[in-house]
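Notes follow the structure.
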Amino acid sequence: MAYTWVFFTYFVEALLRLAPILGLLVTLIVINGMLIGRIEGWRRTDALYHAFINATTVGYGDFRPSSTPGKILSVLNAFMGLLFTGIFVGTGVYSVEKSFDILQ
């Protein structure tokens with residue numbers, strides 16, 4: 001139980017320090033998604049849906065860009081999503097390491 005609490009404390013602390021970067025990435029994903037949606041003629045909700053499905057690299061395939069600019073922006077969106085995911089994974093690893101150091 002103590003390990004879980006220490007991990008959670010470090011994880012939240014690190015995410016709060018990284019909040020400006022995470023916020024910037026989410027904002028860029030939303031803006032880019034809306035731009036892709038405008039290029040492709042999608043509704044706003046569909047554009048946001050595509051942006052986050054693409055950014056998380058799930059890619060269901062129900063919405064996909066057909067124009068060259070839309071495709072290029074989708075690749076950029078996926079890259080930003082990888083950065084976003086990498087920050088979470090790195091924060092988790094950091095938190096686990098710090099938790100083990102404290103408890104030993």
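The values are calculated or read from the model by the stated rules, or taken from the named source; none is laboratory data. Every value quoted in this text rests on a predicted model; they were computed, and no experiment measured them. Here the Cβ is made from the backbone with ideal geometry for all residues, glycine too, and neighbour counts use every protein chain on show.
Taking the stretch 29-48, which residues are buried (at least 18 other Cβ atoms within 10 Å of the Cβ) and closer than 28 Å to Val89 by Cα?
Ile29, Asn32, Gly33, Ile36, Ala47
Report yes if Phe84 is closer than 28 Å to Phe7 by Cβ, surrounded by 14 or more Cβ atoms within 10 Å (Cβ to Cβ) and aromatic (Phe, Trp, Tyr), otherwise no.
Yes; evaluated as a whole, the condition is true for this residue.
As an exercise: evaluate Thr4 against (1) at pLDDT 90 or above; (2) on the phi < 0 side of the Ramachandran plot and give the number of the one condition it does not meet.
(1)
Can you name the number of the only condition in (1) surrounded by 15 or more Cβ atoms within 10 Å (Cβ to Cβ); (2) more than 18 Å from the chain's Cα centre (by Cα) that Ala51 fails?
Of the numbered conditions (1) surrounded by 15 or more Cβ atoms within 10 Å (Cβ to Cβ); (2) more than 18 Å from the chain's Cα centre (by Cα), the odd one out for Ala51 is (2).
Condition test on Gly86, is it in contact with a Lys or Arg (Cβ under 8 Å, 6 or more places away or on another chain) and either at pLDDT 90 or above or not basic (Lys, Arg) (or both)?
no
Which numbered condition trips up Glu13, out of (1) closer than 30 Å to Ser99 by Cβ; (2) of a type outside the set (Gly, Ala, Ser); (3) surrounded by 15 or more Cβ atoms within 10 Å (Cβ to Cβ); (4) at pLDDT below 95?
For Glu13, the failing item is (3).
Take the residues of the stretch 49-77 that are out of contact with any helix residue (DSSP H, G or I) (no Cβ under 8 Å at 6 or more places or on another chain) and under 30 Å from Tyr94 (Cα atoms): which is modelled with the lowest pLDDT?
Val58
With respect to the numbered conditions (1) more than 30 Å from Tyr3 (Cα to Cα); (2) touching a Gly at 6+ places or on another chain (Cβ under 7 Å), which one is the sole condition not fulfilled by Thr56?
In the conditions (1) more than 30 Å from Tyr3 (Cα to Cα); (2) touching a Gly at 6+ places or on another chain (Cβ under 7 Å), Thr56 misses (1) alone.
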